Amino acid sequence: MPINKNLSKKPILVQQWNDSDLWYKQDDKFKSPIAKINLKIYTNDCMYGHSPEGRVFAEIWNSIIHENLREFYYMGKMASQETYITIYNNNLNFEWFGYNDTLSFFVQEAIN
């Protein structure tokens, strides 16, 4: 794809759905096909975000997820794929970064 300076100034909104947005920004500085995927899950299951017990449940769940996927995350890290799970007051935020040719596989394997 030829470099278009207008596409590399700032991200542009490509498409918007009720629950998500798709943005694009051309990389003409590093010339590497990097992608970022964010997923937010808003929940109040188990009183998450509303009680100390719910917060403890979320922290334990996060620890179990990280332990269960530890080897997978290590292999991803060796291929320059990164995953972050952040627990906020009313949502869980999942972030994936990496080369876009394999990122979709990495995300699918992480959430399956």
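The values are calculated or read from the model by the stated rules, or taken from the named source; none is laboratory data. What you see is a predicted model, and the numbers here were worked out from it, not measured in a lab. Counting neighbours? That spans all protein chains shown, and the Cβs are built from the backbone with ideal geometry, glycine included. Only protein heavy atoms, including side chains, enter the accessible area calculation; ligands, DNA and RNA are left aside. Shrake-Rupley method; radii C 1.70, N 1.55, O 1.52, S 1.80 Å.
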Open item on the list: In the chain, if the dipole is taken from +1 on Lys/Arg beta carbons and -1 on Asp/Glu beta carbons about the Cα centre, which of ILE65, ASN112, THR102 is farthest to the positive end?
Closed with: THR102
Task: Read-out P(r) over Cα pairs in 5 Å bins from 0, in percent, derived from the coordinates shown; its label in [x] 2, 12, 24, 25, 20, 12, 5, 1; [y] 2, 12, 20, 25, 20, 12, 6, 2, 0; [z] 2, 10, 17, 18, 17, 14, 11, 6, 3, 1, 0 - done: [z]
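In the chain, what percent of the accessible surface is made up of carbon and sulfur (1.4 Å probe, ligands and nucleic acids excluded)?
Working: 4880 of 8620 Å².
Result for the chain: 57 percent of the exposed heavy-atom area is carbon or sulfur.
Going down the table (LYS5/LYS36; LYS10/LYS77; LYS5/LYS40; LYS9/LYS40; LYS9/LYS77), which pairs top 23 Å between alpha carbons? All intermediate terms of the calculation are to be shown ahead of the outcome.
Details: LYS5/LYS36 21 Å; LYS10/LYS77 28 Å; LYS5/LYS40 31 Å; LYS9/LYS40 26 Å; LYS9/LYS77 29 Å.
Pairs exceeding the cut-off: LYS10/LYS77; LYS5/LYS40; LYS9/LYS40; LYS9/LYS77.
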- [ ] Quote the charge dipole size of the chain about the Cα centre in Debye, to the nearest 20; the model charges only the Cβ of Lys and Arg (+1) and of Asp and Glu (-1).
- [x] 660
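To the nearest 20 Debye, how big is the dipole of the stretch 35-88 about its Cα centre, given +1 on the beta carbon of each Lys and Arg and -1 on that of each Asp and Glu?
On the way: 5 positive and 6 negative charges, 47 e Å.
Roughly 220 debye for the stretch 35-88.
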Task: Phi to ³J(HN,Hα) by Karplus 6.51 cos²θ - 1.76 cosθ + 1.60 over the stretch 81-93, Hz, x for Gly, Pro - done: 10, 10, 9, 10, 10, 10, 9, 10, 4, 10, 7, 10, 10
TODO: Mark the label point 7 Å from the Cα of TYR99 along Cα→Cβ and return the residues of the stretch 29-73 whose backbone N is within less than 16 Å of it.
DONE: 30-36
Task: GNM flexibility winner over the chain from PHE94, PHE72, PHE30 (Cα, springs under 10 Å) - done: PHE30
Task: Surface accessible to a 1.4 Å probe, per residue, for the residues of the chain, Å² - done: 77
Open item on the list: Using the Karplus curve 6.51 cos²θ - 1.76 cosθ + 1.60 with θ = phi - 60°, what ³J(HN,Hα) values do you get for each residue of the stretch 55-62, in whole Hz, with x for Gly and Pro?
Closed with: 5, 4, 4, 5, 5, 5, 4, 4
Open item on the list: Run the simple label-point estimate for ASP21 and ASN44 please: 7 Å along Cα→C-beta, distance reported in nm.
Closed with: 2.5
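Tell me the mean residue ellipticity at 222 nm calculated for the chain from its helices only (DSSP H runs of n ≥ 4, each -39500 (n - 2.57), averaged over every residue, nearest 500). It would help to have the intermediate numbers written out before the result.
Working: 3 runs with 38 residues, N = 112.
Result for the chain: -10500 deg cm²/dmol, rounded to the nearest 500.
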Task: Cβ charges +1 (Lys, Arg) and -1 (Asp, Glu), total dipole of the stretch 55-112, debye - done: 140
